[in-house]
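The values are calculated or read from the model by the stated rules, or taken from the named source; none is laboratory data. Not measured: the values here are computed from a predicted model. Glycine also receives a Cβ, built like all others from the backbone with ideal geometry; neighbour counts cover every protein chain displayed. All accessible areas refer to the heavy atoms of the entire protein, side chains included, with ligands and DNA or RNA removed. Shrake-Rupley method; radii C 1.70, N 1.55, O 1.52, S 1.80 Å.
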Amino acid sequence: MKIYLDGNFCDKETAKISVFDHGLLYGDGVFEGIRFYNGRVFKLDEHLRRLQNSAKAIALDLPMPLNEIREATLETIRQNKLSDGYVRLVVTRGCGDLGLSPLLCPRPSIFIIASTITLYPPEKYENGLEVVTCSTRRISHGAISPMVKSLNYLNNVLAKLEAIRAGAGEGLLLNEQGYVAECTGDNIFYVHDNQIFTPPTSSGALAGITRATVIQLAQEAGYTVNEPLTTRYDLYTADECFLTGTAAEVIPVVRLDGRPIGTGSPGPITRDLMHRFHHLTMSSGTPIYL
Ligand code: PXG
């Protein structure tokens, strides 16, 4: 496996980051998870734009222009001769000393891994996931913005652990006001009376690229999509529910906190959108090999 690290390609064994890197010491950095399908990178420019915004929000200067990061991403996939998989693109604050100040980190580091990812067992895409509400709340806008895809994922990691310990496949995160934000690495959608809903980003949902894609696909298919403040009651009483994310794609949810959602099986609108999403991933994106 070839890893891109600060301008060079190196083997997995030699791709190392310093123990003085502030990405490791303080979670000081940003990342993107990007999928490629059928020789094309899905929504590459949307991911790069979000990376740029995340970096800007934490006052991190990207180590190179966005078009060079774009090319490095494509070249990393080429070096590994892959046509389907997952890219993890990480920018850290870089090496500093053992103090918080980012001013002591002269140069950010960037690395790009092209590999594969499986978030949920294939069976769950057929039969649906069980989700539980976590006691861990989504990080608030008053702390680090939940819009930033930062290397600080401990909140989400602990929420995921809660879900696993409760025997569920995924955990639901509420914000500090008790409104539904999203899941640990996915956005959430639900259906009432053939209309589609998803919590607004102001509730703490990441502005997911899959979320935006599914909203657009749904609207093009003639569905109404709204983004209201959402409570667990809205989910418990929904006809259908599903999650979206780069790693998850579109996956049905059939139980929340022990209550069956709708019929307790994946619903028709969920299946329709899964199908439309799959079709789009297979027929669009930035070509890797020209
Ligand atoms: N919410 C959170 C908190 C996320 O981290 C999403 C929603 C979905 O966003 P996108 O843009 O991917 O539709 C994410 C993305 C992983 C992994 O390693 C996690 C994500 C993406 C890729 C891989 O578990 N989370």
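Below are the figures for this structure:
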{"item": "Qualifying helices (runs of 4 or more DSSP H) (wholly inside region 1-88; at least 1 residues being open to solvent by 70 Å² or more (accessible area, probe 1.4 Å), more than 13 Å from the ligand (Cβ to nearest atom) and farther than 20 Å from residue 151 by Cβ)", "result": "66-79"}
{"item": "Among (1) over 29 Å from residue 41 (Cα atoms); (2) hydroxyl-bearing (Ser, Thr, Tyr); (3) away from the ligand (no atom under 16 Å from the Cβ) - the single one residue 230 does not satisfy", "result": "(3)"}
{"item": "Any hit, region 143-155, residues being within 23 Å of residue 263 (Cβ to Cβ) and at pLDDT 95 or above", "result": "no"}
{"item": "Residue within region 107-122 that is over 30 Å from residue 80 (Cα atoms) and at pLDDT 95 or above present", "result": "no"}
{"item": "Residues that are crowded, with 19+ Cβ neighbours inside 10 Å and in a loop (DSSP other than H, G, I, E, B), drawn from region 208-249", "result": "208, 230, 238, 246, 248"}
{"item": "Checklist (1) surrounded by fewer than 13 Cβ atoms within 10 Å (Cβ to Cβ); (2) on the phi < 0 side of the Ramachandran plot; (3) not aliphatic (A, V, I, L, M) applied to residue 267, failing item", "result": "(1)"}
{"item": "Verdict on residue 92 being of a type in the set (Ser, Thr, Tyr), under 30 Å from residue 243 (Cα atoms) and either outside the structural domain of residue 56 (by TED's automatic domain parsing) or surrounded by fewer than 17 Cβ atoms within 10 Å (Cβ to Cβ) (or both)", "result": "no"}
{"item": "Filter result for the condition that a residue is touching a helix residue (DSSP H, G or I) at 6+ places or on another chain (Cβ under 8 Å) and within 14 Å of the ligand (Cβ to nearest atom), over 250, 254", "result": "250"}
